[in-house]
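Here's the structure we're looking at; comments come further down.
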Amino acid sequence: MTAKKALVLVYNGMSLSEINLLTNYLTIYQPWEQMWTINTVGAEKTTYPTEDQFLVTPTKTFEEIDFSDYAIVILPGIINPYPVAEDERIIDFLRPLTTMKDRPLISAMSSSPMVLAKAGLLDGVGFTAGLFEETLDAFDFFQKENHQRQPWYYDEKHRILTAINFAFREFAIESAKILGFQPRKDQFGGPRKDPPYTKEELTFYMS
């Protein structure tokens with residue numbers, strides 16, 4: 001595995017909930033000494049509101065990023081992808097990934113494949129997306145013949161994983177698997193319903 005570093009793209013209206021299982025798995029799910037470094041990057045070091053009105057300030061700007069330093073680039077979904085896809089700073093930032101050899105895994109959630117398509121990263125690439133059909137029809141940078149009607153889809157040849165927002169668990173699990181992890185089934189399955197938990201199972205000690 002390459003350096004244990006992940007890069008998260010930050011923009012107005014980004015969805016934290018769609019990527020938090022993945023970023024949590026790479027960090028607090030791991031032993032302390034094996035936690036990954038998560039860098040956030042934006043066009044500017046300014047405050048960006050998320051879709052649920054949290055405020056996020058990226059740690060790096062586009063000019064500071066060398067993609068070869070990262071094992072994965074994560075694109076959260078966007079409540080309104082149109083302004084983001086029209087921001088040429090973001091498109092220019094992503095475009096070098098189209099020709100990069102040994103590039104990092106690209107994991108794009110929900111509507112963010114629109115940004116990948118605009119940057120040319122989905123040319124000849126199978127993908128899915130949380131986008132309206134009218135949006136897919138409206139822009140010629142989408143290759144609809146490559147659109148997969150699946151909750152998530154991994155184009156292994158191009159190392160691009162895309163997912164619809166309701167598949168956020170699978171997005172995290174599949175990204176982790178591609179990165180070489182072997183997530184346990186119970187790590188993303190929620191509380192057990194049967195049999196009920198015992199008092200001993202729900203008693204925790206620091207040791």
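In the range 31-45, the residues that are farther than 15 Å from Met14 by Cα and touching a residue at least 24 places away in the same chain (Cβ under 8 Å) form Cβ pairs under 9 Å with partners that are open to solvent by less than 80 Å² (accessible area, probe 1.4 Å) and of a type in the set (Lys, Arg), at six or more places apart or across chains, as follows: Trp36/Lys5; Thr37/Lys5; Ile38/Lys5; Asn39/Lys5; Asn39/Lys60. Scanning the range 22-55 for residues that are of a type in the set (Ser, Thr, Tyr) and assigned to a loop (DSSP other than H, G, I, E, B) gives Thr27, Tyr29, Thr46, Thr47, Thr50. Against the definition (at pLDDT 95 or above and either polar (S, T, N, Q) or part of a strand (DSSP E or B) (or both)), how does Val115 come out, yes or no? No. Listed by first and then second residue, the pairs linking a residue in the range 12-28 that is touching a residue at least 12 places away in the same chain (Cβ under 8 Å) to a residue that is of a type in the set (Phe, Trp, Tyr) and in a loop (DSSP other than H, G, I, E, B), with Cβ atoms under 8 Å apart and 6 or more places separating them unless they lie on different chains, are Leu16/Phe54; Leu21/Phe188; Tyr25/Phe181; Leu26/Trp36.
Pairs linking a residue in the range 184-197 that is under 13 Å from Glu170 (Cα atoms) to a residue that is open to solvent by 100 Å² or more (accessible area, probe 1.4 Å) and outside any loop (DSSP other than H, G, I, E, B), with Cβ atoms under 6 Å and 6 or more positions apart or on different chains, are Phe188/Arg169.
For the range 1-11, a residue qualifies if it is out of contact with any helix residue (DSSP H, G or I) (no Cβ under 7 Å at 6 or more places or on another chain) and assigned to a loop (DSSP other than H, G, I, E, B), and the qualifying residues are Met1, Thr2, Lys4, Val10. Just to verify a result, which residue in the range 32-51, among those that are open to solvent by 80 Å² or more (accessible area, probe 1.4 Å) and among the acidic types (Asp, Glu), is modelled with the highest pLDDT? Out of the qualifying residues, it is Glu44. For beta carbons closer than 6 Å, sequence separation of 6+ or different chains, a first residue in the range 70-97 that is at negative phi and a second that is among the polar types (S, T, N, Q) and assigned to a helix (DSSP H, G or I), the qualifying pairs are Gly77/Asn165.
Restricting the range 56-88 to residues that are out of contact with any Ser or Thr (no Cβ under 9 Å at 6 or more places or on another chain) and part of a loop (DSSP other than H, G, I, E, B), the residue that is most open to solvent (accessible area, probe 1.4 Å) is Glu86. Within the range 123-138, can you find the residues that are under 15 Å from the mean Cα position of the chain (by Cα) and outside any strand (DSSP E or B)? Selection gives Thr128, Ala129, Gly130. Exactly one residue out of Gly124, Gly130 is at positive phi and open to solvent by less than 60 Å² (accessible area, probe 1.4 Å), and it is Gly124. For the range 145-175, the candidate set comprises residues that are within 20 Å of Ala6 (Cα to Cα) and among the charged types (D, E, K, R); within that set, the residue that is most open to solvent (accessible area, probe 1.4 Å) is Glu156. Answer yes or no as to whether Leu94 is within 15 Å of the chain's Cα centre (by Cα), among the aliphatic types (A, V, I, L, M), closer than 22 Å to Arg169 by Cβ and outside any loop (DSSP other than H, G, I, E, B). No; evaluated as a whole, the condition is false for this residue. For the structure I just gave you, tell me whether Thr98 is open to solvent by 30 Å² or more (accessible area, probe 1.4 Å) and hydroxyl-bearing (Ser, Thr, Tyr). In short, yes.
The values are calculated or read from the model by the stated rules, or taken from the named source; none is laboratory data. Since we're looking at a predicted model, the values are computed, not measured. Note: ideal-geometry Cβ built from the backbone for every residue, glycine included; neighbour counts use all protein chains shown. For accessibility, only protein heavy atoms count, side chains too; no ligands or nucleic acids. Shrake-Rupley method; radii C 1.70, N 1.55, O 1.52, S 1.80 Å.
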